Each structure stands twice: as C-alpha cells, then as structure tokens.
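Here's the structure we're looking at; comments come further down.
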Amino acid sequence: MNPQSRPLRYPLVRSPRSALLDEEEFARRCGLHPELVRRFWALGLIPAARHVDGSLWFSPAQVPAVSRLQRLRASLPLNYAALGLVCDLLDRITDLETALRVRGRTEPVRRRTTTQQPTVDRPERSQRWT
C-alpha cells in the first residue's frame, strides 16, 4: 500500500462534547466529592452547562477556580457562600489594579498641588529621651 494513496486527516477543532468534563471527571480532577461540586455550582461559585438529560458539564478551565476556593476555605474561617463574595472582591481588586497599571502607562500621573497650611508653633522637643 502506497503511503500517498490514503489522505491524512487531522482534526482541527475538538468537538464541544470532548471539551467539557462530566461531573464525576471534574470532581476527580479537582480532588473533591461530586456532591461538593454540585454544591459549588448551586451556590454560583463555578459555572456549568446543563445537558438535556439534566447532567452538569464543566469546563477544564474551572479546575484552578475550584483550587482557589479550596485554598481560601482552608485559610479563612468562612463558609462556602461567603467565599463567593471574597472571590468577587478579589477579582474586582485585580481588575482595578490592572486598569490602574494600564492607565499609568498611558496617562502621566499628575502631582497634587499642596496648599500651604499655616504652621503651628510647637515647642522644640528635646533630643534626650525622657
């Protein structure tokens, strides 16, 4: 058989089904129980796509987000519902810091003009500790 007789086929795009992880596989990759993954989804901490049969499908990109939730849960004495607020605040801080860095590159920082405040006459402090 001539190697040139068969055309080679390479898939260029993955099917969307293979790009998502089912609930059990996602829980296994995160090192969690599937019930805890369902709880994270119910609290709105991680997004998921719902299949026609009702099963949940997760993006592999959410695995680091779950790791972040676990680290925050271990280091802060908060419940899982409060972790959503903490993650939102941390994301907002990151966005603001990024915007500030970008703004700092594009716009010169103006120095504040300070008005001369009247000086208050204070007695001189002694150089010796009392």
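Among the residues of the stretch 25-37 satisfying the criterion of being under 19 Å from the mean Cα position of the chain (by Cα) and not hydrophobic (A, V, I, L, M, F, W, C), which is surrounded by the most Cβ atoms within 10 Å (Cβ to Cβ)? The qualifying residue surrounded by the most Cβ atoms within 10 Å (Cβ to Cβ) is R29. The numbered conditions (1) part of a helix (DSSP H, G or I); (2) open to solvent by 100 Å² or more (accessible area, probe 1.4 Å); (3) at pLDDT below 90 are all true for Q117 except (1).
Which one is surrounded by the most Cβ atoms within 10 Å (Cβ to Cβ) among residues in the stretch 49-63 that are within 16 Å of A19 (Cβ to Cβ) and free of Cβ contacts under 8 Å to residues at least 12 places away in the same chain? So, considering only residues that are within 16 Å of A19 (Cβ to Cβ) and free of Cβ contacts under 8 Å to residues at least 12 places away in the same chain, the one surrounded by the most Cβ atoms within 10 Å (Cβ to Cβ) is H51. Residue pairs whose Cβ atoms lie under 6 Å apart, sitting 6 or more positions apart in sequence or on different chains, and linking a residue in the stretch 26-43 that is at negative phi to a partner that is open to solvent by 80 Å² or more (accessible area, probe 1.4 Å), are P34/E24.
Of all the listed residues (A49, A82), the sole one being among the small types (G, A, S) and in contact with a Phe, Trp or Tyr (Cβ under 6 Å, 6 or more places away or on another chain) is A49.
The values are calculated or read from the model by the stated rules, or taken from the named source; none is laboratory data. Because the structure is predicted, anything quoted here is derived from the model rather than measured. Using ideal geometry, Cβ is built from the backbone for each residue, glycine included, and neighbour counts are taken over all protein chains shown. Note: areas computed on protein heavy atoms with side chains; ligands, DNA, RNA excluded. Shrake-Rupley method; radii C 1.70, N 1.55, O 1.52, S 1.80 Å.
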